[in-house]
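Below is one structure, written out as structure tokens, with a few remarks after it.
The values are calculated or read from the model by the stated rules, or taken from the named source; none is laboratory data. Being a predicted model, the structure only gives us computed values, none of them experimental. Note that each Cβ is placed from the backbone with ideal geometry, even for glycine, and that neighbours are counted across all protein chains shown. Side chains included, ligands, DNA and RNA excluded: accessible areas come from the protein's heavy atoms. Shrake-Rupley method; radii C 1.70, N 1.55, O 1.52, S 1.80 Å.
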Amino acid sequence: MTADAHAPSPGDTESGGVLARRVTLSDLLEGDSFKEVMSAFADLYRVGVKVFDATGHKLVDIRVGNSQFCGYLWEFGPTRQACTKLVTGLKNDPFELQDGVEVPRVVDCFTGLRYVVLPLQYEGDLIGRLIFGPYMPQSLPGLPERLYQIEPKLDRRRADSLVEQVRRAPDDLVAKLLTNVQKIVDVLVFTSYRSMLTSQMHIEAVTASYHELEDKNRTLKEQNERLQELDKLKSNFLATVSHELRTPLTSVIGYSEMLIEGMAGSLNDEQRDYVKTIMDKGETLLNMISQILDLSRIESGNLRMDMSDFNVKDVLKHATTSVIPQCQKKSITLDVDIDGSLPFYRGDKDKIGQIVVNLLGNSVKFTPQGGKIVLRGKLWTGPRRHKKKTADDGAGMLFDLADETFVRIDVQDSGVGIPQEKIDRVFERFYQVDNTSTREYGGTGLGLSIVKSFVEAHKGEIFAESEVGKGSTFTVLLPVS
Ligand code: ADP
């Protein structure tokens, strides 16, 4: 280790870690407490102390007793020059070496006052110097004649009275004091080095894990982008395929219809049944393809809203026509209860129709023979069911309890019901309560997720209440604003 001006910094890992890093005295000595110790020491012995690190940066400067005397000398050019030269030497002159180790230096000022310069070392390296003084050596009878040769204009009486304030001390006492100082500094440096080492290692460990985390984050981000790209590709693929499938399928259905109507000659009963099956299955398939197409539009953010003002009552009534034949087939009673006061609503008429048809379709599908379905529509004022996220609630969610006015549509059935714990999941893509291969009811598990997206596109909400074996009610709230 060699002394250097480089203070270690947490990010400075290129240097190969804290153990390989160069340490400076200011790294080791916590500024204020070291100054306090030195100040107490200077007060006690009434002698000034200066401490420099290896680069000449001053860490401590305590003057005791000599300020006025030195200030007086500073007033004259020649003594000022001599003083500057001396101080520069104290700061910079190299130490003598004994067995490769720096030893203290005694430096006499041109005034006869004395300094001792103490090398500060750590593990054999010179990390700074402590300058003790000036003091008046016991052996010095008074200010030397050479001082007045340097500057004859000096007032002898004034100089004598000012130098009186400088501590007079025998050299052996100074040597003892300095041994003590040396010990104090050694202890301070040693303990600081240990704690610095611990904290630096801690910082390095944290920095290393931070870099590791950064790397992982980058990888995750890249993977995420790749996934998003794939997802987009998938949506595009689905959209294209679905679109391409729809065209031939529409022809299949159309030609089946023409066959049933006898446009290509009359069919016997068996032939008619076969063609009817082709047509029914074709319609189911077309329905599924439409759902996939809707889903891919929603996922790619291309859901187009065709807004207009329309009569909700008409849309609800029209939707029932799509399930009447199935209801008849299963002897299901379909009650329609639409409030005459329902206002014109501004929204995407086709999508609202699709929402209701889908909910009614599910009700018919999941209601056994002889059951009952009720479709209700009304204007309703009340709070939303779900918590509403607000932009500024970073920490948590706020309940939006304010009442709003909605067009409320309920589709209630006396069907198989949905277990409580699965009720919110039915709105997830591909989720089906019965997902076994032997399941009784057909479907893709996409209908409700599409319905939910359509409702949300109208800033509304959808929720369900259900009891297994008794039936379910799906409620759509469309805000009227
Ligand atoms: P699909 O009906 O094509 O399976 P949906 O998204 O429309 O898909 O519905 C998801 C699941 O929610 C259904 O598979 C069913 O388990 C359940 N579900 C939906 N509507 C009802 C209902 N009226 N009664 C009972 N279960 C229902």
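Identify, from the list V476, V455, the residue that is open to solvent by less than 80 Å² (accessible area, probe 1.4 Å) and either outside any helix (DSSP H, G or I) or modelled with pLDDT under 95 (or both). Going through V476, V455 in turn, the sole match is V476. Counting the residues of region 331-352 that are surrounded by 19 or more Cβ atoms within 10 Å (Cβ to Cβ) and assigned to a helix (DSSP H, G or I) gives 3. Does Y115 fit the bill of being buried (at least 16 other Cβ atoms within 10 Å of the Cβ), part of a strand (DSSP E or B) and of a type in the set (F, W, Y)? Yes: the conditions hold for Y115. Of the candidates L126, L143, L130, the single residue that is open to solvent by less than 30 Å² (accessible area, probe 1.4 Å) and touching a residue at least 40 places away in the same chain (Cβ under 8 Å) is L130.
Residues in region 408-432 that are over 32 Å from the mean Cα position of the chain (by Cα) and buried (at least 17 other Cβ atoms within 10 Å of the Cβ): how many? Result for region 408-432: 13.
I'd like the full set of residues that are farther than 19 Å from C327 by Cβ and within 6 Å of the ligand (Cβ to nearest atom), limited to region 435-448.
Pass one, region 435-448, residues farther than 19 Å from C327 by Cβ: 435-439, 444-446, 448.
Selection gives T444, G445, L446, L448.
Count, please, the residues in region 355-381 that happen to be more than 12 Å from the ligand (Cβ to nearest atom) and assigned to a helix (DSSP H, G or I). Qualifying residue count, region 355-381: 1. For region 155-176, the set of residues classified as surrounded by fewer than 18 Cβ atoms within 10 Å (Cβ to Cβ) and either touching an Asp or Glu at 6+ places or on another chain (Cβ under 9 Å) or part of a helix (DSSP H, G or I) (or both) consists of R156, R157, R158, D160, S161, D171, D172, L173, A175, K176, listed by residue number.
Residue check: E404 meets all listed conditions (1) modelled with pLDDT under 95; (2) near the ligand (Cβ under 7 Å from one of its atoms) but one, namely (2). Scanning region 290-323 for residues that are open to solvent by 70 Å² or more (accessible area, probe 1.4 Å) and assigned to a helix (DSSP H, G or I) yields R297, D314, K317, H318, T321.
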